[in-house]
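Let me begin by presenting the structure, written as structure tokens, before commenting on it.
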Amino acid sequence: MFGGLKERLRAARERLGTSIGETVKPTAALEAAAPEIPAAVTPASPSLVDKVKLLIIDRELVVSDKDVSDALSVLEMTLLESDVALPTSDAIIAHVRTSLVGKHRKIGESVDALVVRALKNALLAVLGTGFDLTEYIKTHEHPVKILFTGVNGTGKTTTVAKVGSYLKKQGFSVVIGAGDTFRAGAIEQIDVHAQRLGIKIIQHQAGADPSAVLFDTVQYAISHKIDVVLADTAGRFHTKANLMSQLGKIKRVMNPDLVVYVDEAVAGNDAVVRAAEFERTIGADAVVLTKADMDSRGGAAISIAHTIKKPLMFLGTGQSYDDIIPFSPQQVVEELLGGDT
Ligand SMILES: Nc1nc2c(ncn2[C@@H]2O[C@H](COP(=O)(O)OP(=O)(O)O)[C@@H](O)[C@H]2O)c(=O)[nH]1
Ligand SMILES: [Mg+2]
């Protein structure tokens, strides 16, 4: 998903490297230092030459703000063009600046290595830690109840099916609650997934109270000693107030361990704004970003975790059940900056 951003970052990184490389050159005095060693001394005490050489190699060059400011502007444009939210871009730039400026670069050290290290650390700082669902389930009381929410069409139902399949493969027992009772079609959709995956599903008829369905699902999980409850919900309510009160009631009745906010990477900065709004009003424990396969810019993935200070749990990467990957900040950073350093 990060193809476009990766290319842009490479250009920004080269620009940073060139700026530092060009402007922070060894001073004339430093370069002249070696020839200044009295020739007569050299044969008599070669160790002195070695010492001076060592001194030159160990001498450090200090990177100034001026050396990097133009290149950092380029990096900022790169990030914004890739849909990275402004506060997140600001945080990345500030981090890179702090780690480069005032830094003592050893003469022998590659500028690119310095720049890549600064960029990697900056990205890791904004991406946060990720969320290991398997580990969470292993270390919490069962059933672990997970509520999936988010606006309509972003991929909640598909994600519930994918996560169900993912957890089943890891040996956990799963029950799905068909909490989108808004349309009969929605119940049918999740039912088809559950049948295909061989996962138990609890459903009521269309128009039923979603809280009642999810309450029954939790009761089923308790009485059958099921490990995980996955609750699908509708994203479409008549008004925002209605959405809030519905979700409020579901939360009271079902008492989820985790509220997972689902949005689509293709929504870019809109997804970041929506996630922040959702976090303010309902609160989320983690985020799943779908349709990452259709988004080459990658900005939403980088911005959401930083903006709402909640971890990304999975990326949805296609329409099949296996198209889901646990989100790993390390892996993303490696994909963006690793490989060719
Ligand atoms: N390409 C792609 N399509 C997805 C992904 N996740 C969901 N979709 C598609 O997005 C559409 C809406 O998904 P759905 O799960 O019904 O969304 P919901 O309304 O939030 O429950 C469907 O056509 C899904 O196949 C994904 O990761 N990649
Ligand atoms: Mg749905």
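Observations on the model:
- Additional length obtainable on full extension of the chain from residue 270 to residue 62, 0.36 nm per residue less Cα span: 70.8 nm
- Positive end of the dipole of the range 89-236 (Cβ unit charges, origin at the Cα centre): among 158, 193, 127, the Cα lying farthest that way belongs to 127.
- Simple spin-label estimate for residue 69 and residue 113 in nanometres, 7 Å along Cα-Cβ: 3.0
- Close amide H partners of residue 324, meaning residues 5 or more places away or on another chain with modelled amide H under 5 Å apart, are 317.
- Highest-first arrangement of 325-331, 211-217, 121-127, where packing means the average Cβ count within 10 Å: 211-217, 121-127, 325-331
- Amide hydrogen proximity for residue 85: with H placed 1.01 Å from N in the peptide plane, the residues at 5 or more positions away or on another chain lying under 5 Å are 303.
- Inter-site label distance for residue 200 and residue 255 at 7 Å from Cα along Cβ, in nm: 2.0
- The range 190-341 - share of DSSP beta bridges that are antiparallel (%, nearest 5): 25
- Distance between the 7 Å Cα→Cβ label points at residue 132 and residue 282: 2.8 nm.
- For the cross-link pairs 138/225; 138/291; 138/168; 6/168; 162/200; 145/168, the ones whose C-alpha atoms lie over 22 Å apart are 138/291; 6/168.
Bear in mind that the values in this text are calculations on the coordinates, not laboratory data. None of these values were measured; they are calculated from a predicted model. Quick reminder, even Gly has a Cβ in these numbers, built from the backbone with ideal geometry, and neighbours come from all protein chains shown.
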